Amino acid sequence: MSHLIAPSILSADFANIQRDVEMINNSEADWFHVDIMDGMFVPNISFGFPVIKAIKKHATKPLDVHLMIVDPDRYLQTFKDAGADILTVHLEACPHLNRTVQAIKALGMKAGVAINPHTPTNLLNDIIEDIDLVCVMSVNPGFGGQKFIENTYRKISALKEIIRATKSKAKIEIDGGVDLNNYRKLLEVGADVLVAGNTVFSSNDPAKTISILKKQIL
């Protein structure tokens, strides 16, 4: 199956958010990637429920919502109500991760788990069969436009082995620093979903850039 492209709304023009949402609707992108930051788990604040609802109102593709927040369990129902189709929580923020994943699924959403660059992949061994998505942070979370961390390739390969061994159906998503120079290698080592923010929205032709990222190379 072809890989998926999930442009990150965090890099969109918030003065023209409907225009950018419609651009993604009409492009070859597969998902909207929506980063939620609380200024506590990460040193930045993004946006909240009203913006998600506004995006959902116009989006014709699934909302892939990535929670970079402490105590995400408090808001699972609210994110569902706001329009999340896929809800990803950070392993580092969830002391009872299995319970959180099951709660997300019980609400009818797909469940993802994100790991920071310093977090070893083997910590996912006991949850990998229960989740739909692993979000590998390839930059330190909190800000767009950061430099890609090269160790990500090794982590993808390690995760692919865990997924094969457990027969998990989890997709591997890469978030941070994905660009036209590294996306091919990311796919070659096993990435399934590419999140692209600055690469798409700083382009002179965002839809064309999405099309380039979407091209199957394997």
Practice item. Count, please, the residues in segment 138-176 that happen to be among the acidic types (Asp, Glu) and over 16 Å from the mean Cα position of the chain (by Cα). Key: 2
Review point. Can you spot a residue in segment 192-208 that is in contact with a Phe, Trp or Tyr (Cβ under 7 Å, 6 or more places away or on another chain), in a helix (DSSP H, G or I) and modelled with pLDDT of 95 or more?
Key: no
Revision key, fill the gap. Exactly one of Val21, Val89, Val42, Val34 is under 23 Å from Asp179 (Cβ atoms) and in contact with a Pro (Cβ under 6 Å, 6 or more places away or on another chain), and that residue is Val42
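From the list Pro43, Pro95, pick out the single residue that is assigned to a loop (DSSP other than H, G, I, E, B), without any contact (Cβ under 8 Å) to a residue 60 or more places away in the chain and out of contact with any helix residue (DSSP H, G or I) (no Cβ under 9 Å at 6 or more places or on another chain).
When all the criteria are applied, what remains is Pro95.
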Exercise for review: Quick one: in segment 10-39, of everything that is in a loop (DSSP other than H, G, I, E, B) and of a type in the set (A, V, I, L, M), which residue is nearest to the chain's Cα centre (by Cα)?
Suggested key: Ala29
Exercise for review: Among the numbered conditions (1) touching an Asp or Glu at 6+ places or on another chain (Cβ under 7 Å); (2) under 23 Å from Asp179 (Cβ atoms), tell me where Pro7 comes up short.
Suggested key: (1)
Review point. How about segment 184-218: which of its residues are in contact with a strand residue (DSSP E or B) (Cβ under 8 Å, 6 or more places away or on another chain) and among the acidic types (Asp, Glu)?
Key: Asp192
Exercise for review: Give the number of residues within segment 98-131 that are over 16 Å from the mean Cα position of the chain (by Cα) and part of a loop (DSSP other than H, G, I, E, B).
Suggested key: 8
Exercise for review: Those residues that are assigned to a loop (DSSP other than H, G, I, E, B), touching a helix residue (DSSP H, G or I) at 6+ places or on another chain (Cβ under 6 Å) and over 23 Å from Ser46 (Cβ atoms), I need them from segment 140-169; list them, please.
Suggested key: Ser168
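Return yes or no: is Glu129 in contact (Cβ under 8 Å) with a residue 24 or more places away in the chain and farther than 23 Å from Ser8 by Cβ?
Working: in contact (Cβ under 8 Å) with a residue 24 or more places away in the chain: yes; farther than 23 Å from Ser8 by Cβ: yes.
Yes.
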Exercise for review: List every residue pair whose Cβ atoms lie under 7 Å apart, where the two residues are 6 or more positions apart in sequence or sit on different chains, the first residue falls within segment 183-211 and is surrounded by 15 or more Cβ atoms within 10 Å (Cβ to Cβ), and the second residue, located anywhere, is among the acidic types (Asp, Glu).
Suggested key: Asp192/Glu173; Val193/Glu173; Val195/Glu173; Val195/Asp175; Thr199/Asp179; Ile210/Glu28
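The values are calculated or read from the model by the stated rules, or taken from the named source; none is laboratory data. Because the structure is predicted, anything quoted here is derived from the model rather than measured. We place every Cβ from the backbone using ideal geometry, glycine too, and count neighbours over all the protein chains shown.
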